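The values are calculated or read from the model by the stated rules, or taken from the named source; none is laboratory data. Nothing here was measured: the structure is a model prediction, and the numbers come from that model. Cβ placement follows ideal geometry from the backbone for every residue including glycine, while neighbour counts extend to all protein chains displayed. For accessibility, only protein heavy atoms count, side chains too; no ligands or nucleic acids. Shrake-Rupley method; radii C 1.70, N 1.55, O 1.52, S 1.80 Å.
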Amino acid sequence: MTPIPFKAVAVDMDGTFEDDNKQFDHYRFEQVLTKLREQKVHFIVSSGRPLSRLRQDFFEFLDGIDIIADNGSILTKDNQVIARHVFTYKTGIKLINFIQTNYPQIEIVASGLDSAYLNKRASTNFKKLMHFFYPNIDEIANLLDLPTSDSLTKLTLSCSSELANEIEKKFNADNTERIHCTTSGFDNIDIMPVNVNKGQGIKFFLRYFGIKPEELIAFGDGMNDKEMIELAGYSYAMANGDKRLKKIAKFEAPSNNEMGVLQVLEKYLG
């Protein structure tokens, strides 16, 4: 068997590994994953989706993949959480209150380690979308009453990137525990602790496995994939991806609706 030039694969989900119907070819992936494992190549799912959703997406493969969930907030190996980056409870509540007070038009999901939390008064469309991505969601009367027993990994907001940038700038001006906004991967905005992103999650795994960045192949479609695409020795933007990301990536993969990630990996694997 001819050795392949990378030792780790990192893939985004929405718009990258899955098609527009939120599906991927399980049989083809099983064949690819088997060949990768034969060559001791690690497969890392790196997504803005919460861990609960990704565990459902890959339920039959959990013992053969690694996961970066919530855009870098939670990392798992062998289906066990090995690293987490969360807000302090005080800052999480302060951030929710800041948004609800100054931007009441914005709808919010608060993602915790145990559950996700959504206001009961949220719009029907927002609830429908969030219930798909957060299968363990709880609807509560007031997000300021989040249980103290849970830890807040991120907020997902229904707002534009311009408004998110304004929120980040204003909140950081008055708070020592700073925040960072990025696209969620499903047309919303994620807010996380500063310096938490997919690239940092990938770096953690590369150190953990003793792999160099030039030995990483990564696939993405949006600007929340920017850091991991910049990091990878073999970087692919999807044909359907953001034009800004295509300028950063070294290569272009076929679209997500053509199972572009699997196509590229199959060519490497022969």
**Message:** Among the numbered criteria (1) in contact (Cβ under 8 Å) with a residue 60 or more places away in the chain; (2) under 25 Å from residue 249 (Cβ atoms); (3) open to solvent by 30 Å² or more (accessible area, probe 1.4 Å), which one does residue 201 miss?
**Reply:** (3)
**Request:** From 236, 268, grab the single residue that is aromatic (Phe, Trp, Tyr) and either open to solvent by 30 Å² or more (accessible area, probe 1.4 Å) or assigned to a helix (DSSP H, G or I) (or both).
**Result:** 268
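Quick grid of which residues meet (1) more than 17 Å from residue 97 (Cβ to Cβ); (2) of a type in the set (A, V, I, L, M); (3) free of Cβ contacts under 8 Å to residues at least 60 places away in the same chain:
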| position | (1), (2), (3) |
| --- | --- |
| 121 | no, no, yes |
| 125 | yes, no, yes |
| 128 | yes, no, yes |
| 167 | no, yes, no |
| 176 | no, no, yes |
| 191 | no, yes, no |
**Request:** For region 172-191, indicate whether the set of residues that are touching a Lys or Arg at 6+ places or on another chain (Cβ under 9 Å) and aliphatic (A, V, I, L, M) is non-empty.
**Result:** yes
**Request:** Report, by residue number, each residue of region 91-104 that is in contact (Cβ under 8 Å) with a residue 12 or more places away in the chain and either open to solvent by 10 Å² or more (accessible area, probe 1.4 Å) or touching a helix residue (DSSP H, G or I) at 6+ places or on another chain (Cβ under 9 Å) (or both).
**Result:** 91, 93, 94, 95, 96, 97, 98, 99, 100, 102, 103
**Asked** How many residues are over 21 Å from residue 211 (Cα atoms) and either among the hydrophobic types (A, V, I, L, M, F, W, C) or free of Cβ contacts under 8 Å to residues at least 60 places away in the same chain (or both) if we restrict to region 32-61?
**Response** 8
**Message:** Filter region 217-243 down to the residues that are hydrophobic (A, V, I, L, M, F, W, C) and within 17 Å of residue 72 (Cα to Cα) and list them by number.
**Reply:** 218, 219, 223, 228, 229, 231, 232
